[in-house]
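Everything on this sheet refers to the single structure shown next.
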Amino acid sequence: NAGVTQTPKFQVLKTGQSMTLQCAQDMNHNSMYWYRQDPGMGLRLIYYSASEGTTDKGEVPNGYNVSRLNKREFSLRLESAAPSQTSVYFCASSDAGASGNTIYFGEGSWLTVV
Amino acid sequence: RKEVEQDPGPFNVPEGATVAFNCTYSNSASQSFFWYRQDCRKEPKLLMSVYSSGNEDGRFTAQLNRASQYISLLIRDSKLSDSATYLCVAYWGSWGKFQFGAGTQVVVTP
(Lines give C-alpha, C1' and ligand atoms only; values in the text may rest on other atoms or scores of the structure.)
Protein backbone atom coordinates (compact mmCIF):
# COMPACT_ATOMS: atom_id res chain seq x y z
CA ASN A 1 0.00 0.00 0.00
CA ALA A 2 1.92 3.02 -1.28
CA GLY A 3 -0.61 5.71 -0.25
CA VAL A 4 0.94 9.10 -1.01
CA THR A 5 4.37 9.10 -2.63
CA GLN A 6 6.45 12.23 -3.06
CA THR A 7 9.86 12.84 -4.59
CA PRO A 8 12.56 13.85 -4.05
CA LYS A 9 13.02 13.24 -0.35
CA PHE A 10 15.97 15.62 -0.05
CA GLN A 11 17.09 18.48 -2.28
CA VAL A 12 19.56 21.32 -2.00
CA LEU A 13 19.03 24.25 -4.33
CA LYS A 14 20.90 27.45 -4.99
CA THR A 15 19.01 30.72 -4.78
CA GLY A 16 17.27 31.36 -8.08
CA GLN A 17 17.17 27.75 -9.23
CA SER A 18 13.89 26.07 -10.05
CA MET A 19 12.60 22.64 -9.20
CA THR A 20 9.44 20.55 -9.11
CA LEU A 21 8.27 18.34 -6.28
CA GLN A 22 6.28 15.38 -7.52
CA CYS A 23 3.41 13.74 -5.68
CA ALA A 24 1.18 10.80 -6.52
CA GLN A 25 -1.57 9.01 -4.59
CA ASP A 26 -3.08 5.61 -5.28
CA MET A 27 -6.17 5.90 -3.06
CA ASN A 28 -8.43 7.42 -5.76
CA HIS A 29 -8.84 10.57 -3.65
CA ASN A 30 -10.41 13.67 -5.11
CA SER A 31 -8.54 16.29 -3.10
CA MET A 32 -4.81 16.85 -2.94
CA TYR A 33 -2.73 19.35 -1.00
CA TRP A 34 0.74 20.79 -0.60
CA TYR A 35 1.81 21.96 2.85
CA ARG A 36 5.01 23.33 4.23
CA GLN A 37 6.08 22.86 7.82
CA ASP A 38 8.52 25.13 9.61
CA PRO A 39 9.64 24.94 13.25
CA GLY A 40 7.02 26.49 15.53
CA MET A 41 4.71 27.31 12.62
CA GLY A 42 2.82 24.09 12.14
CA LEU A 43 1.53 22.96 8.77
CA ARG A 44 0.66 25.75 6.36
CA LEU A 45 -1.31 25.13 3.20
CA ILE A 46 0.43 26.29 0.03
CA TYR A 47 -2.00 25.11 -2.66
CA TYR A 48 -4.77 22.60 -2.89
CA SER A 49 -6.74 20.84 -5.59
CA ALA A 50 -10.30 20.01 -4.63
CA SER A 51 -10.73 17.80 -7.66
CA GLU A 52 -9.04 16.93 -10.91
CA GLY A 53 -8.80 20.03 -13.08
CA THR A 54 -8.98 22.59 -10.28
CA THR A 55 -6.35 24.25 -8.12
CA ASP A 56 -6.56 27.05 -5.57
CA LYS A 57 -4.26 29.06 -3.37
CA GLY A 58 -3.85 28.30 0.29
CA GLU A 59 -2.32 30.42 3.03
CA VAL A 60 1.21 30.82 1.62
CA PRO A 61 1.13 30.49 -2.21
CA ASN A 62 3.68 33.15 -3.12
CA GLY A 63 6.69 31.75 -4.94
CA TYR A 64 4.97 28.48 -5.86
CA ASN A 65 2.91 27.04 -8.67
CA VAL A 66 1.06 23.75 -8.91
CA SER A 67 -0.27 21.40 -11.53
CA ARG A 68 -2.94 18.76 -11.05
CA LEU A 69 -1.78 16.52 -13.85
CA ASN A 70 -4.53 13.93 -13.39
CA LYS A 71 -6.47 12.48 -10.49
CA ARG A 72 -3.38 10.77 -9.08
CA GLU A 73 -0.69 13.42 -9.48
CA PHE A 74 -0.21 16.90 -8.04
CA SER A 75 3.12 18.67 -8.49
CA LEU A 76 4.57 21.74 -6.78
CA ARG A 77 7.00 24.00 -8.61
CA LEU A 78 9.40 26.57 -7.24
CA GLU A 79 10.24 28.87 -10.14
CA SER A 80 13.03 30.84 -8.47
CA ALA A 81 13.99 29.37 -5.12
CA ALA A 82 14.67 31.67 -2.17
CA PRO A 83 16.23 30.86 1.23
CA SER A 84 12.82 31.54 2.82
CA GLN A 85 11.53 28.46 1.01
CA THR A 86 13.84 26.20 3.00
CA SER A 87 11.34 23.89 4.65
CA VAL A 88 9.81 20.45 4.81
CA TYR A 89 7.11 19.98 2.20
CA PHE A 90 4.30 17.49 2.60
CA CYS A 91 1.92 16.36 -0.08
CA ALA A 92 -1.41 14.99 1.13
CA SER A 93 -4.69 13.66 -0.18
CA SER A 94 -8.19 13.11 1.13
CA ASP A 95 -11.50 11.74 -0.08
CA ALA A 96 -13.54 14.87 0.58
CA GLY A 97 -17.17 14.10 1.21
CA ALA A 98 -16.65 10.54 2.34
CA SER A 99 -17.22 9.54 5.95
CA GLY A 100 -14.21 10.24 8.09
CA ASN A 101 -12.64 12.68 5.64
CA THR A 102 -9.20 11.90 6.96
CA ILE A 103 -6.14 13.28 5.25
CA TYR A 104 -3.12 11.18 4.38
CA PHE A 105 0.40 12.48 4.03
CA GLY A 106 3.45 11.58 2.04
CA GLU A 107 6.76 11.14 3.81
CA GLY A 108 7.89 14.68 3.16
CA SER A 109 10.50 16.44 1.04
CA TRP A 110 13.32 18.28 2.81
CA LEU A 111 14.33 21.30 0.77
CA THR A 112 17.28 23.55 1.54
CA VAL A 113 17.89 26.72 -0.46
CA VAL A 114 21.36 28.19 -0.08
CA ARG B 1 -6.03 34.55 15.92
CA LYS B 2 -5.20 31.06 14.71
CA GLU B 3 -8.19 28.91 13.81
CA VAL B 4 -6.88 25.95 15.78
CA GLU B 5 -4.74 26.59 18.84
CA GLN B 6 -2.74 24.20 20.97
CA ASP B 7 -0.42 24.47 23.94
CA PRO B 8 2.97 23.69 22.39
CA GLY B 9 4.26 22.03 25.58
CA PRO B 10 6.42 20.13 26.10
CA PHE B 11 4.43 17.98 28.48
CA ASN B 12 6.99 15.93 30.36
CA VAL B 13 5.29 12.78 31.57
CA PRO B 14 6.71 9.92 33.65
CA GLU B 15 6.24 6.52 32.11
CA GLY B 16 2.96 5.03 33.28
CA ALA B 17 1.37 8.37 34.11
CA THR B 18 -1.64 10.04 32.49
CA VAL B 19 -1.41 13.18 30.41
CA ALA B 20 -4.17 15.28 28.93
CA PHE B 21 -4.21 18.36 26.76
CA ASN B 22 -6.71 20.43 24.84
CA CYS B 23 -7.07 22.17 21.56
CA THR B 24 -9.43 25.07 20.84
CA TYR B 25 -10.97 25.91 17.48
CA SER B 26 -12.57 29.13 16.34
CA ASN B 27 -14.72 28.02 13.39
CA SER B 28 -18.06 26.85 14.72
CA ALA B 29 -18.82 25.36 11.30
CA SER B 30 -16.13 22.72 11.79
CA GLN B 31 -17.63 19.35 11.02
CA SER B 32 -15.07 16.77 12.01
CA PHE B 33 -12.09 16.63 14.28
CA PHE B 34 -9.02 14.47 14.46
CA TRP B 35 -5.87 13.92 16.42
CA TYR B 36 -2.75 13.22 14.41
CA ARG B 37 0.59 12.08 15.71
CA GLN B 38 3.85 13.32 14.26
CA ASP B 39 7.22 11.86 15.12
CA CYS B 40 10.39 13.87 14.60
CA ARG B 41 11.18 14.29 10.90
CA LYS B 42 8.21 12.15 9.88
CA GLU B 43 4.84 12.80 8.32
CA PRO B 44 1.71 13.29 10.44
CA LYS B 45 -0.33 10.13 10.86
CA LEU B 46 -3.92 9.73 11.99
CA LEU B 47 -4.17 8.79 15.65
CA MET B 48 -7.94 8.93 15.99
CA SER B 49 -11.07 10.72 14.96
CA VAL B 50 -13.00 12.65 17.60
CA TYR B 51 -16.72 12.12 17.98
CA SER B 52 -19.27 14.21 19.85
CA SER B 53 -19.97 11.39 22.27
CA GLY B 54 -16.29 10.93 23.02
CA ASN B 55 -14.34 7.88 21.98
CA GLU B 56 -11.56 5.63 23.13
CA ASP B 57 -8.89 3.74 21.30
CA GLY B 58 -6.92 1.67 23.74
CA ARG B 59 -5.07 4.03 26.07
CA PHE B 60 -6.22 7.11 24.16
CA THR B 61 -9.45 8.99 24.86
CA ALA B 62 -10.70 11.91 22.81
CA GLN B 63 -13.49 14.30 23.71
CA LEU B 64 -15.28 17.04 21.81
CA ASN B 65 -17.01 19.98 23.46
CA ARG B 66 -18.85 21.91 20.76
CA ALA B 67 -20.34 24.44 23.19
CA SER B 68 -16.89 25.58 24.32
CA GLN B 69 -15.25 24.72 21.01
CA TYR B 70 -12.45 22.52 22.18
CA ILE B 71 -11.29 18.95 21.84
CA SER B 72 -9.12 17.02 24.20
CA LEU B 73 -6.81 14.04 24.16
CA LEU B 74 -5.99 11.91 27.18
CA ILE B 75 -3.25 9.31 27.20
CA ARG B 76 -3.31 6.75 30.01
CA ASP B 77 -0.43 4.55 31.12
CA SER B 78 2.02 6.52 28.98
CA LYS B 79 4.69 4.59 27.12
CA LEU B 80 8.08 5.84 25.98
CA SER B 81 6.82 5.30 22.45
CA ASP B 82 4.07 7.89 23.01
CA SER B 83 6.70 10.63 22.85
CA ALA B 84 5.70 12.67 19.82
CA THR B 85 3.95 15.84 18.74
CA TYR B 86 0.17 15.60 18.66
CA LEU B 87 -1.63 17.70 16.09
CA CYS B 88 -5.23 18.79 16.48
CA VAL B 89 -7.15 18.99 13.20
CA ALA B 90 -10.52 20.53 12.37
CA TYR B 91 -12.30 19.80 9.09
CA TRP B 92 -15.05 21.65 7.30
CA GLY B 93 -16.32 22.24 3.81
CA SER B 94 -17.25 20.06 0.91
CA TRP B 95 -13.84 19.92 -0.72
CA GLY B 96 -11.89 19.00 2.35
CA LYS B 97 -10.54 22.00 4.22
CA PHE B 98 -8.35 20.87 7.08
CA GLN B 99 -7.02 23.30 9.66
CA PHE B 100 -4.08 22.10 11.72
CA GLY B 101 -2.90 23.23 15.10
CA ALA B 102 0.82 23.75 15.57
CA GLY B 103 1.03 20.70 17.81
CA THR B 104 1.55 19.71 21.42
CA GLN B 105 4.83 18.00 22.23
CA VAL B 106 4.71 15.10 24.68
CA VAL B 107 7.89 13.65 26.16
CA VAL B 108 7.54 10.46 28.16
CA THR B 109 10.46 9.84 30.50
CA PRO B 110 11.61 6.58 32.12
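May I ask you to list the aspartates and glutamates whose Cα is less than 13 Å away from that of residue A:14, ignoring any residue fewer than eight positions away on the same chain?
Those aspartates and glutamates meeting the cut-off are A:79.
With point charges of +1 on the Cβ of Lys and Arg and -1 on the Cβ of Asp and Glu, referenced to the Cα centre of the protein assembly as shown, which listed residue (A:103, A:64, B:21) lies farthest in the positive direction of the dipole?
A:64
Lone cysteines in chain B, defined as no other cysteine's Cβ under 4.7 Å from theirs: which are they?
B:40
Once you place label points 7 Å from the Cα toward the Cβ at residue A:12 and residue A:107, how far apart are they in nm?
Simple spin-label model gives 2.1 nm for this pair.
How far, in nm, would the chain grow between residue B:59 and residue B:39 when pulled straight, counting 0.36 nm per residue and subtracting the alpha carbon separation? Don't skip to the end; give the middle numbers.
Working: separation 20, 0.36 × 20 = 7.20 nm, distance 1.82 nm.
Residue separation times 0.36 nm, minus the Cα-Cα distance, leaves 5.4 nm.
Considering chain A as a Gaussian network with a 10 Å cut-off on Cα pairs, which listed residue, A:16, A:40, A:53, attains the greatest mean-square fluctuation?
Greatest mean-square fluctuation among the candidates belongs to A:40.
How many angstrom lie between the C-alpha centres of segment A:12-41 and segment B:28-81?
First find each Cα centre; the distance between them is then 26 Å.
Cα extents of chain A along the three principal axes, largest first, in whole Å?
Reported extents, whole Å, longest axis first: 42, 28, 27.
With each pseudo-label sitting 7 Å past Cα toward Cβ, what's the residue A:51-residue B:18 distance in nm, one decimal?
In this crude label model, residue A:51 to residue B:18 measures out at 4.6 nm.
For the residue pair residue A:67 and residue B:79, what label-to-label distance in nm results when each label sits 7 Å from Cα along the Cα-to-beta-carbon direction?
The modelled label-to-label distance comes out at 4.4 nm.
Any residues in segment B:1-43 that have 30 Å² or more less accessible area with all protein chains than in their chain alone, probe 1.4 Å, and which are they?
B:34, B:36, B:38, B:41, B:43
Pick out, in residue order, every one of the GluC sites (Glu not before Pro) in segment A:17-87 that is DSSP loop and has at most 16 other C-beta atoms within 10 Å; say none if there are none.
The qualifying sites are A:52, A:59, A:79.
Determine the alpha carbon to alpha carbon distance for each of A:71/B:2; B:2/B:45; B:2/B:79 and list only those over 26 Å.
Violating the 26 Å limit, Cα to Cα: A:71/B:2; B:2/B:79.
I'd like the carbon and sulfur percentage of the solvent accessible area for chain B, probe radius 1.4 Å, heavy atoms only, ligands and nucleic acids excluded.
Details: 2510 of 5260 Å².
Of the solvent-accessible surface of chain B, carbon and sulfur hold 48 percent.
The values are calculated or read from the model by the stated rules, or taken from the named source; none is laboratory data. Values in this document were obtained by computation on a predicted structure and should not be read as measured data. With ideal geometry, Cβ positions are generated from the backbone for all residues, glycine too; neighbour counts draw on all protein chains shown. Surface accessibility is based on the protein's heavy atoms, side chains included, excluding ligands, DNA and RNA. Shrake-Rupley method; radii C 1.70, N 1.55, O 1.52, S 1.80 Å.
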